[in-house]
Amino acid sequence: MTEHKESKSKYTEDRQIPGAFEGETVTRRRAMVLGGQVAGGVAAAAFALPALGFAVGPIFEKQDQPWQIVGNTGEFNPDSYVPRTITLVAGIGDAGKSTVYLRKYNPDLDTEPRDEYNSYIAISTLCMHLGCPVRFTAAAQRFICPCHGGVYDIVGKVNGGPPVRPLDRFYTRLEADRVLIGPRFSVNSELQRFSPRDPGEPLDGVGQYLYPSRPSMRKIQGT
Amino acid sequence: MAKLKTPTLPSNPLTSPKRPGKAYGPSTPLEHGAEAGITAVDWIDERTSLSGGLRWMMFRKVPKGTNWFYTLGSATMFAFLSQAVTGVFLAMYYDPSATRAYESIQHINNDVFLGEFVHGMHKWGSSVMVILIFLHMGRTFFFGAYKYPRELNWVIGVALLVMTMTMSFSGYLLPFDQRSYWATIVGVNINGTGPLVGPYLSEFLRAGPYFGATTLSRFYAIHMLLVPGAIAALMGFHLYLVAKLGTTAPPWVRAKSPDALREQKVSDL
Ligand code: HEM
Ligand code: FES
């Protein structure tokens with residue numbers, strides 16, 4: 001068997017293949033098979049790759065987070081929260097709306113340094129366990145989650161239950177005497193700002209590397 | 001010059017060949033009907049040879065001791081077929097838009113003739129399928145049917161199980177009421193807790209950072225096109241392997257020793 005193979009020349013001409021060219025080593029049958037397979041692969045890729053891009057594209061698309069007016073300065077106080085409804089995603093009715101709790105910056109409660117984005121504190125109602133809607137219970141001065149018993153204190157830090165980090169917040173700013181609410185950001189247990197993460201993703205320690213921020217939503221540069 | 005041999009004459013060229021039917025061809029309407037059916041099936045079979053494959057699939061030998069537990073796989077398949085058929089008809093009335101989905105389900109339940117029934121079949125049938133698939137998996141596990149040479153069929157089965165769960169998850173959102181909305185938020189966030197890839201996986205499921213305008217249609221496409229197609233294809237392969245490899249005897253049925261078999265053969269003669 002091997003003997004037979006060795007005796008074969010690599011040139012099609014020497015192998016007496018009809019119509020062989022001089023110096024040709026690949027038979028035409030082999031060239032056709034390869035060509036057919038390549039053409040098939042290209043044709044399949046031509047529909048599979050765009051379809052795949054179509055499906056994963058939104059991951060890399062930056063999401064618009066326009067500033068929205070939530071009220072006048074007089075409507076908010078430094079000691080308790082006032083709920084406001086904002087639109088996170090336009091055009092899908094109630095499913096795109098969310099409740100946000102607002103109060104004025106309070107030097108007795110808030111330890112983070114003042115800047116242009118926090119003269120009003122806006123707390124997201126997305127539970128940081130798995131995303132159920134939390135409610136502020138004024139009598140207990142706490143945010144309480146109905147799903148698995150997550151409890152947060154008045155600044156949104158975890159008091160108990162399964163949540164992995166404090167409640168997310170929104171940037172706020174003032175325009176004349178109107179309060180505007182902007183993009184969301186996440187905080188670690190020291191209330192430092194991070195690009196927004198999903199619930200269930202801790203930010204302390206290696207958490208911020210295990211759960212990277214994504215191109216679709218980033219915090220405001222330099223904050 | 002060599003001469004070709006003359007062929008021998010037919011033994012009796014004068015009697016005509018036997019005809020189908022009782023006497024000379026079909027006479028009663030019933031016989032005509034049967035004849036028409038046979039002709040149609042023969043026509044197809046002559047051009048496809050499908051009957052061989054069907055015989056191969058349907059008239060396999062099964063081991064001694066085969067019992068009712070061996071029907072759980074087919075039961076799962078029928079549950080899937082029921083889901084497929086009821087699902088196709090639900091799709092005729094369902095509207096996968098975030099503002100219309102809930103109303104379209106209410107419309108199916110309250111107004112459409114048999115709507116609540118077909119919706120109910122699909123809704124309860126999904127649980128039936130999940131229960132059956134686990135029972136079938138238990139059967140193959142406890143009967144040791146996952147061992148050589150059937151490991152690949154076990155692996156295909158695991159893929160079928162994962163896809164069945166994907167069907168349950170993606171279908172749960174579609175009624176778009178409070179329960180399905182929040183359960184899906186929680187489910188997507190559970191996916192997100194996987195390190196490194198998790199956050200991207202949940203963005204893929206939502207089609208963005210928030211539950212958005214295309215999340216529902218994305219779930220709908222996954223639920224009604226992507227996964228069912230893959231399940232049907234893998235189910236075909238699963239069944240092909242079942243027919244090819246044969247099924248396993250229950251563990252309490254002992255294989256006969258070759259000597260016993262030989263003795264039996266001899267005594268059969
Ligand atoms: C869509 C779901 C499934 C369908 C429709 C299905 C269908 C079937 C059918 C009809 C059989 C023939 C024997 C019998 O019914 O017991 C079979 C055998 C088998 N199935 Fe499945 N199956 C499914 C899922 C699974 C799962 C989840 C597993 C395990 C992880 C599995 C593993 C096996 C194995 C190992 C056999 C060979 C059994 C033997 O040789 O005795 N299947 N399947
Ligand atoms: S989602 Fe809030 S505690 Fe689980």
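Consider A:Gly160 carefully, then state whether it is assigned by TED's automatic domain parsing to the domain that holds A:Asp79, over 16 Å from A:Tyr81 (Cβ atoms) and not aromatic (Phe, Trp, Tyr). Yes; evaluated as a whole, the condition is true for this residue. For the residues B:Phe117, B:Phe142, the requirement of being of a type outside the set (A, V, I, L, M) and either in contact with a Cys (Cβ under 9 Å, 6 or more places away or on another chain) or farther than 24 Å from B:Lys244 by Cβ (or both) singles out B:Phe117. Screening region B:153-187 for residues that are within 8 Å of another protein chain (Cβ to nearest Cβ) and assigned to a helix (DSSP H, G or I) and picking the one that is nearest to B:Leu90 (Cα to Cα) gives B:Tyr181. When every residue of region B:113-135 is checked against the conditions, none turns out to be of a type in the set (A, V, I, L, M, F, W, C), in contact (Cβ under 8 Å) with a residue 40 or more places away in the chain, under 25 Å from A:Ile92 (Cα atoms) and surrounded by 19 or more Cβ atoms within 10 Å (Cβ to Cβ).
Checking every residue in region B:78-90 against the condition of being within 21 Å of A:Ile92 (Cβ to Cβ) and of a type in the set (A, V, I, L, M) gives zero matches.
State whether one or more residues within region A:180-190 are more than 30 Å from B:Phe204 (Cβ to Cβ) and touching a residue at least 60 places away in the same chain (Cβ under 8 Å). Yes, the conditions are met somewhere in region A:180-190.
For A:Pro58, the stated conditions hold: it is surrounded by 13 or more Cβ atoms within 10 Å (Cβ to Cβ) and within 14 Å of another protein chain (Cβ to nearest Cβ). Counting residues in region B:252-264 that are away from ligand 2 (no atom under 16 Å from the Cβ), among the hydroxyl-bearing types (Ser, Thr, Tyr) and either modelled with pLDDT under 95 or not in a helix (DSSP H, G or I) (or both) gives one or more. Would you call B:Lys147 of a type outside the set (A, V, I, L, M) and assigned to a loop (DSSP other than H, G, I, E, B)? Spelling it out, B:Lys147 is indeed of a type outside the set (A, V, I, L, M) and assigned to a loop (DSSP other than H, G, I, E, B). Taken together, the residues in region A:153-186 that are within 15 Å of ligand 2 (Cβ to nearest atom), away from every other protein chain (no Cβ under 14 Å) and under 23 Å from the mean Cα position of the chain (by Cα) amount to 5. From the list A:His129, A:His148, exactly one residue is within 14 Å of chain B (Cβ to nearest Cβ), under 26 Å from the mean Cα position of the chain (by Cα), surrounded by fewer than 16 Cβ atoms within 10 Å (Cβ to Cβ) and within 16 Å of ligand 2 (Cβ to nearest atom). Which is it? Selected residue: A:His148, the only one of A:His129, A:His148 that is within 14 Å of chain B (Cβ to nearest Cβ), under 26 Å from the mean Cα position of the chain (by Cα), surrounded by fewer than 16 Cβ atoms within 10 Å (Cβ to Cβ) and within 16 Å of ligand 2 (Cβ to nearest atom).
Taking the listed residues A:Ser124, A:Ser119, the one that is within 14 Å of chain B (Cβ to nearest Cβ) and of a type outside the set (Lys, Arg) is A:Ser124, with no other qualifying. Take A:Gln68 and tell me if it is in contact with a strand residue (DSSP E or B) (Cβ under 9 Å, 6 or more places away or on another chain), surrounded by 10 or more Cβ atoms within 10 Å (Cβ to Cβ) and more than 14 Å from chain B (Cβ to nearest Cβ). Spelling it out, A:Gln68 is indeed in contact with a strand residue (DSSP E or B) (Cβ under 9 Å, 6 or more places away or on another chain), surrounded by 10 or more Cβ atoms within 10 Å (Cβ to Cβ) and more than 14 Å from chain B (Cβ to nearest Cβ). Filtered by the rule that a residue be touching a residue at least 12 places away in the same chain (Cβ under 8 Å) and at the interface with chain A (Cβ under 7 Å from one of its Cβ atoms), region B:188-203 gives B:Asn189, B:Ser202.
The values are calculated or read from the model by the stated rules, or taken from the named source; none is laboratory data. Everything numeric here is computed off the predicted structure, so don't read it as measured data. Neighbour counts are summed over all protein chains in view; Cβ atoms, including those assigned to glycine, are modelled from backbone coordinates with ideal geometry.
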